[in-house]
Amino acid sequence: MVEIYKKQTLSETFSVYFDKRMIRILLLGAISGFPWVLIGSSLSLWLKEDGLSRSTIGWAGLIFAVYAFNYLWAPIIDRIQIPFLTKRLGHRRGWIVLMQIAILLSLVVWSFINPTQNLALLITVGLIIAIASATQDITVDALRIEQINADEGKSMAAGAAMAVVGWWTGYKLGGVIALFSAEFFQKMGIEDYWQTTFLVLGVVIILMNIALMFVHEPIETDRQAKQKETDKLIGGKLGSSNIITNFIAYITGTIGGPIISFFKKNGFSIAVGILGFVFLFKIGEAFLGRMSIIFYKEIGFSKGEIAIYSKGLGWITTVVFTLLGGIMAMRAGTIKTMFFAGGLMALTNLLFAILAWTGKSELLFAIAVIADDITAAFATVAFVAFISLLVDRTYTATQYALLASIGTAGRTTLASSSGALVDWLNGDWGTFFVLTTIMVIPSLICLWLIRNKVKIGEK
């Protein structure tokens with residue numbers, strides 16, 4: 001599909017961010033990012049300060065694995081309604097509130113646990129938080145997408161940018177609240193200061209749910225009707241209508257309907273090209289990201305230097321260029337923005353190769369990490385906008401979760417061999433970063449082949 005754009009001034013383009021829907025999307029992003037504070041830095045510091053080993057803390061991080069598999073139950077989120085909550089809050093908000101309640105109750109349980117005495121229970125509760133958060137992400141993404149009409153490509157790009165900014169805001173702000181609260185209660189002489197902190201974080205959960213009530217949930221049009229139509233079509237192919245065939249049709253429609261819809265909408269070859277691109281797009285970045293901090297240490301940078309350049313400046317850079325990336329996607333289109341981000345990704349990886357060859361240089365280090373953050377901002381906005389425009393509104397949650405999980409699978413499965421690749425190269429970091437540059441090319445080839453055939457509405 002050829003992309004057609006009405007010429008706008010830069011100020012007119014930027015004004016999209018002032019659409020009231022963007023505030024809602026920002027809030028949804030914050031709701032999605034906040035739980036990562038709980039099972040990430042807060043949990044790690046809690047276990048560390050209670051005397052548990054680094055190995056134990058490391059293994060506890062396995063609970064994050066559930067985020068890579070949430071597509072498995074995404075069809076349930078699209079179909080199943082929550083008693084009492086759905087009728088009063090809407091389908092999407094009902095699911096979000098249910099998951100928020102699960103997280104809140106988990107924090108209350110944590111407030112009574114001694115890590116050294118009940119480690120298994122603590123990790124189990126952490127797993128419940130991770131599952132609730134991953135489930136919540138499914139419906140948060142669906143509700144975010146449904147805030148914007150399917151043919152509003154520019155607004156979808158702006159929404160993608162605001163969602164990313166919101167996620168980082170929820171994650172960073174949540175971390176600030178957690179750390180300052182824990183330090184405050186510790187200085188007050190409260191022995192179980194982390195347990196008390198989790199109650200404070202529970203209050204944040206409650207406030208987020210109050211704010212959620214101001215997020216409009218679009219009235220369902222024909223989503224359920226289309227889902228039932230798919231069930232009927234499958235049931236017709238099974239022959240006679242009875243309880244068993246109706247159940248099989250329902251299950252098949254729930255699981256297979258989103259996949260059938262995706263391939264039917266795009267055609268088999270284009271659908272395969274889309275999936276190939278989604279899987280490959282950020283692999284080079286993932287290889288670099290997985291090994292970057294090890295590279296920084298081996299080349300001679302201190303933890304303080306890494307914190308200043310990679311973390312401190314990174315937050316500011318990410319927010320600013322996420323918004324700018326959204327503007328570019330609105331003006332040039334998501335596909336052109338992804339080509340730009342891909343090229344920038346390759347050049348950024350080469351900067352790290354130069355740093356490896358020249359040796360420790362604070363200036364080059366700062367340039368490289370800031371360029372990497374800029375690249376990540378542009379790439380993330382374009383990628384989120386792209387898959388948001390691809391989904392069928394009949395199966396919003398399922399298709400988005402599936403596409404996002406395919407992207408995650410590419411980054412997590414293949415990039416897990418990054419350390420082995422460096423060892424195979426005998427620690428030749430320069431060559432390693434050159435290879436990560438080359439890894440960008442296959443995804444751009446996939447994108448080039450489908451660029452004029454992808455059925456997305458951008459105006």
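See the values below:
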quantity: Residues within segment 46-67 that are in a helix (DSSP H, G or I), modelled with pLDDT of 75 or more and of a type in the set (D, E, K, R), tallied; calculated: 2
quantity: Among (1) modelled with pLDDT of 80 or more; (2) surrounded by fewer than 15 Cβ atoms within 10 Å (Cβ to Cβ); (3) touching a Gly at 6+ places or on another chain (Cβ under 9 Å) - the single one Ile80 does not satisfy; calculated: (3)
quantity: Condition check for Tyr193: among the aromatic types (Phe, Trp, Tyr) and farther than 30 Å from Ala332 by Cβ; calculated: yes
quantity: Residue within segment 199-206 that is among the hydrophobic types (A, V, I, L, M, F, W, C) and under 19 Å from the mean Cα position of the chain (by Cα) present; calculated: no
quantity: Segment 185-219 - residue that is out of contact with any Lys or Arg (no Cβ under 8 Å at 6 or more places or on another chain) and among the acidic types (Asp, Glu) and, of those, nearest to Leu105 (Cα to Cα); calculated: Asp192
quantity: Segment 312-338 - residue that is of a type in the set (Gly, Ala, Ser) and either crowded, with 20+ Cβ neighbours inside 10 Å or more than 30 Å from Glu152 (Cβ to Cβ) (or both) and, of those, modelled with the lowest pLDDT; calculated: Gly312
quantity: Any hit, segment 411-429, residues being modelled with pLDDT of 85 or more, part of a helix (DSSP H, G or I), of a type outside the set (Gly, Ala, Ser) and out of contact with any strand residue (DSSP E or B) (no Cβ under 6 Å at 6 or more places or on another chain); calculated: yes
quantity: Out of Ser133, Ser106, Ser41, sole residue that is in a helix (DSSP H, G or I) and in contact with a Phe, Trp or Tyr (Cβ under 8 Å, 6 or more places away or on another chain); calculated: Ser133
quantity: Check on Val369, over 17 Å from the mean Cα position of the chain (by Cα) and either surrounded by fewer than 17 Cβ atoms within 10 Å (Cβ to Cβ) or assigned by TED's automatic domain parsing to the domain that holds Val278 (or both); calculated: yes
quantity: Residues (of a type in the set (Val, Ile, Thr) and either touching a Cys at 6+ places or on another chain (Cβ under 8 Å) or touching a residue at least 40 places away in the same chain (Cβ under 8 Å) (or both)) located in segment 355-384; calculated: Val369, Ile370, Ile374, Thr375, Thr380, Val381, Val384
quantity: Among residues of segment 177-198, those that are in a helix (DSSP H, G or I) and surrounded by fewer than 14 Cβ atoms within 10 Å (Cβ to Cβ), counted; calculated: 3
quantity: Ile148 vs. criteria of a type outside the set (Ser, Thr, Tyr), in a helix (DSSP H, G or I) and assigned by TED's automatic domain parsing to the domain that holds Ile113; calculated: no
quantity: Filter pass, Ile128 being within 27 Å of Ile76 (Cα to Cα) and surrounded by fewer than 23 Cβ atoms within 10 Å (Cβ to Cβ); calculated: yes
quantity: The lone exception for Gly174 - which of (1) modelled with pLDDT of 85 or more; (2) crowded, with 19+ Cβ neighbours inside 10 Å it fails; calculated: (1)
quantity: Single residue of Ile441, Ile354, Ile445 found to be surrounded by fewer than 16 Cβ atoms within 10 Å (Cβ to Cβ), modelled with pLDDT of 85 or more and closer than 30 Å to Gly300 by Cβ; calculated: Ile354
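Residues are listed down the side, and each one gets a yes or a no for (1) at pLDDT below 80; (2) within 28 Å of Ile25 (Cβ to Cβ):
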{"position": "Phe340", "(1), (2)": "no, yes"}
{"position": "Met345", "(1), (2)": "no, yes"}
{"position": "Asn349", "(1), (2)": "no, no"}
{"position": "Leu364", "(1), (2)": "no, no"}
{"position": "Ile370", "(1), (2)": "no, yes"}
{"position": "Ala382", "(1), (2)": "no, yes"}
{"position": "Leu390", "(1), (2)": "yes, yes"}
{"position": "Tyr395", "(1), (2)": "yes, yes"}
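Yes/no matrix, rows are residues, columns are (1) more than 23 Å from the chain's Cα centre (by Cα); (2) surrounded by fewer than 19 Cβ atoms within 10 Å (Cβ to Cβ); (3) part of a helix (DSSP H, G or I); (4) modelled with pLDDT of 80 or more:
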site: Gly256; (1), (2), (3), (4): yes, yes, yes, no
site: Ala271; (1), (2), (3), (4): no, yes, yes, yes
site: Gly276; (1), (2), (3), (4): no, no, yes, yes
site: Ser310; (1), (2), (3), (4): no, no, yes, no
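The values are calculated or read from the model by the stated rules, or taken from the named source; none is laboratory data. This one's a predicted model, so the numbers in the text were calculated from it and none came from an experiment. Virtual Cβ from ideal backbone geometry, glycine too; neighbours counted across all protein chains shown.
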